[in-house]
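In what follows, a single structure is set out as C-alpha cells and then discussed.
The values are calculated or read from the model by the stated rules, or taken from the named source; none is laboratory data. Computed from a prediction, not measured in an experiment: that's the story for all the values here. A quick note on method: Cβ atoms are made from the backbone with ideal geometry, for glycine too, and the neighbour counts reach across all protein chains shown. SASA here: full protein model, heavy atoms, side chains in, ligands and nucleic acids out. Shrake-Rupley method; radii C 1.70, N 1.55, O 1.52, S 1.80 Å.
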Amino acid sequence: MHVGIDLITFSTSKYFFKLETLAKYRNVDYAKYCTGIGQTQMSVFPPNEDIITLSVAAAEKLLSEIDNKDSIDMLIFASESSFDISKAEGIYVHKFLKLNNECRVFNIKQACYSLTAALQIAKSHVALYPSSKVLVIGSDIIKYPSNSSGEPTQGGAAVAMIVSESPRILELEPYSSVFTKEVMDFWRPIYKSEALFDGKLSAYNYLELLKITFDKYIKKSRLSKKDIDYFCFHCPFCKMAQKAARQIGDIDIHYTTIYNSVIGNSCSASLYISFISLLDNCLNDLTEKRIGFFSYGSGSVAEFFSGKVVPGYKRVLLSQRHKKDLEERIEISFEDYELFRKNTSPFNSKNYVNIGNLTLSNISDDKRYYSKINKF
Ligand code: CAA
C-alpha cells in the first residue's frame, strides 16, 4: 500500500517587510541579510491574523479539491506558537472547516519538527485504516526580540496537507532515521511571546543532527547519496539550508528556497514550504524522483526521511495560487512593522486584510472570537 501526501498548500500573510528597510533602521549592512543570511523579505502579521486564521485559509483550499471531506477522521495541528497550553488550536480549525465530529483532533509540539511528527503519525494511521484521510496542519508565526540576531529571520505561514492512501503528490518511503538529544538552543517559556535562542549552538546542533540522521538513513536504506534526486532541508533562514546542502555534498537547492527567502522562518511549516517551492518552481519533471527531507526541531529532534513524487502530480498542485498570493502581498513601513510586532492595536482599526475568509475579531474575557469576512 502506498501512503503519502495527496494534496499540499500554504498560506502566509497579506503583508511583507523588506529586510533592506530593516537593515537601514538597524544600521546593518544589507548584504549581511541578503547574502550572509540569505533572506530578502519576511511575512509580517497584523493583529487580526493568527495561527488559526492562517490554518483555515490554507486548509480551505484543499477541502475544495477533495470529494468527501467526511472521510477526514483525524486532524493533527502542529505548532510552537500556541496561545493556549490546554485547548488544542486544532479544535478551532475543525470548527471553522465544518469537519465531521467523528474526527480525532489534537496538537503536537516539538519546535520546528512537529509537522514531521504529525506527518509520520498520519502515515501510520492511514496504513492501519486505508479509507481514512488525515488533515495535517503546521502553523507558526515567529518573533524574536528587536535588534537581536534572530530578528531578520522572523516570518510565518501555515502548511496544510491531506495524507491518504494512493496519494497524488508524494509517496512516503519506509526509510527514515530519527535522533533526539536535549539541547538548550531555542525555546519560548509560556510567559513570553518572543523566542529565546542561542544562535550559534542552534546552527551547530542542526548540522550535527543532519550528519547523524543522514548517515543512519543511508545505512538503513542501503541507498547512496546519488539515489536522492532532490533535497529539502528545514529552512530557518536560507543560508542554513545552503550550509546543510554543502555538508551533504555538491547539491543545488535553489528551487527549494525561493518561497522561504521571502516568507522567513515559518518553523513547523518551513521544511514543507521548501518542498512546495520545489514542486512549483523546478523546471525539470519531478515524476518518480526521490526527495530527501531533513526535519529539525530545536531542543532537539531531527529526522531524515524520503518520498517519491507520483506521476501526474502537476495536475493537483496549486502553484499559480501560491505565486499570486506572494506577488500580491503588500509592503509595510518600518512604523507598521513595529506596530505589528507589538500586536496590541485595536482589532480592525486599520482594516487590515486577511489572507483567507476568517479574521480574529476580538479577545475578551480571555476568549478568542473569530468572524467570517465577506470577500467580493
Ligand atoms: N556581507 C555579507 N555577509 C556577511 C556580512 C556582510 N556585510 N556580515 C556578516 N556576513 C555573514 C557572516 O560571514 C555569516 O556567514 P557564515 O554563516 O557563512 O559564516 C553570516 O553573514 C551570519 O553572520 P553572523 O554569524 O555574524 O550572524 P549573527 O550572529 O548576527 O546571526 C544567526 C546568525 C546566529 C543564525 C542568527 O540569525 C540567529 O540566531 N537566528 C535564530 C536561530 C536560528 O535560526 N538557528 C538556526 C538553527 S535552529 C533551527 O533551525 C530551529 C529554528 O527554526 C529556529
- [ ] Please find, within the stretch 160-175, the residue that is surrounded by the most Cβ atoms within 10 Å (Cβ to Cβ) out of those that are assigned to a strand (DSSP E or B) and hydroxyl-bearing (Ser, Thr, Tyr).
- [x] Ser164
Task: Which numbered condition Val178 fails, given (1) away from the ligand (no atom under 11 Å from the Cβ); (2) in contact with a Phe, Trp or Tyr (Cβ under 9 Å, 6 or more places away or on another chain); (3) open to solvent by less than 70 Å² (accessible area, probe 1.4 Å); (4) not aromatic (Phe, Trp, Tyr) - done: (3)
Open item on the list: Restricting to the stretch 197-220, count the residues that are open to solvent by less than 60 Å² (accessible area, probe 1.4 Å) and touching a helix residue (DSSP H, G or I) at 6+ places or on another chain (Cβ under 8 Å).
Closed with: 6
- [ ] For the stretch 152-159, state whether one or more residues are of a type in the set (Gly, Ala, Ser) and open to solvent by 10 Å² or more (accessible area, probe 1.4 Å).
- [x] no
Open item on the list: Return the residues of the stretch 52-86 that are in a helix (DSSP H, G or I) and touching a strand residue (DSSP E or B) at 6+ places or on another chain (Cβ under 6 Å); say none if nothing qualifies.
Closed with: Thr53, Leu54, Ser55, Val56, Ala57, Ala58, Ala59, Lys61, Leu62, Ser71
Task: So Phe233, is it touching a helix residue (DSSP H, G or I) at 6+ places or on another chain (Cβ under 7 Å) and near the ligand (Cβ under 10 Å from one of its atoms) - done: yes
Open item on the list: Please go through (1) open to solvent by less than 10 Å² (accessible area, probe 1.4 Å); (2) touching a Ser or Thr at 6+ places or on another chain (Cβ under 8 Å); (3) more than 16 Å from the ligand (Cβ to nearest atom) for Arg290 and return the number of the only condition it doesn't satisfy.
Closed with: (1)
Task: Enumeration of residues in the stretch 101-116 that are within 15 Å of the ligand (Cβ to nearest atom) and either hydroxyl-bearing (Ser, Thr, Tyr) or without any contact (Cβ under 8 Å) to a residue 60 or more places away in the chain (or both) - done: Lys109, Tyr113, Ser114, Thr116
Task: Answer residue from the stretch 190-223, given it is modelled with pLDDT of 95 or more and assigned to a loop (DSSP other than H, G, I, E, B) and is farthest from the ligand (Cβ to nearest atom) among those - done: Arg222
- [ ] Would you be able to tell me the number of residues in the stretch 241-261 that are within 13 Å of the ligand (Cβ to nearest atom) and either buried (at least 21 other Cβ atoms within 10 Å of the Cβ) or at pLDDT below 95 (or both)?
- [x] 3
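Within the stretch 124-140, take every residue that is outside any helix (DSSP H, G or I) and open to solvent by 40 Å² or more (accessible area, probe 1.4 Å) and give me the one that is nearest to Met161 (Cα to Cα). It would help to see each step written out before you state the result.
Step one: list which residues in the stretch 124-140 are outside any helix (DSSP H, G or I), which gives 129-140.
Applying the additional criterion that residues be open to solvent by 40 Å² or more (accessible area, probe 1.4 Å) yields 129-131, 133.
Working: Tyr129: 18, Pro130: 17, Ser131: 16, Lys133: 10 Å.
Ranking the candidates gives Lys133 first.
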TODO: Report whether or not Ser64 is at pLDDT 95 or above and of a type outside the set (A, V, I, L, M).
DONE: no
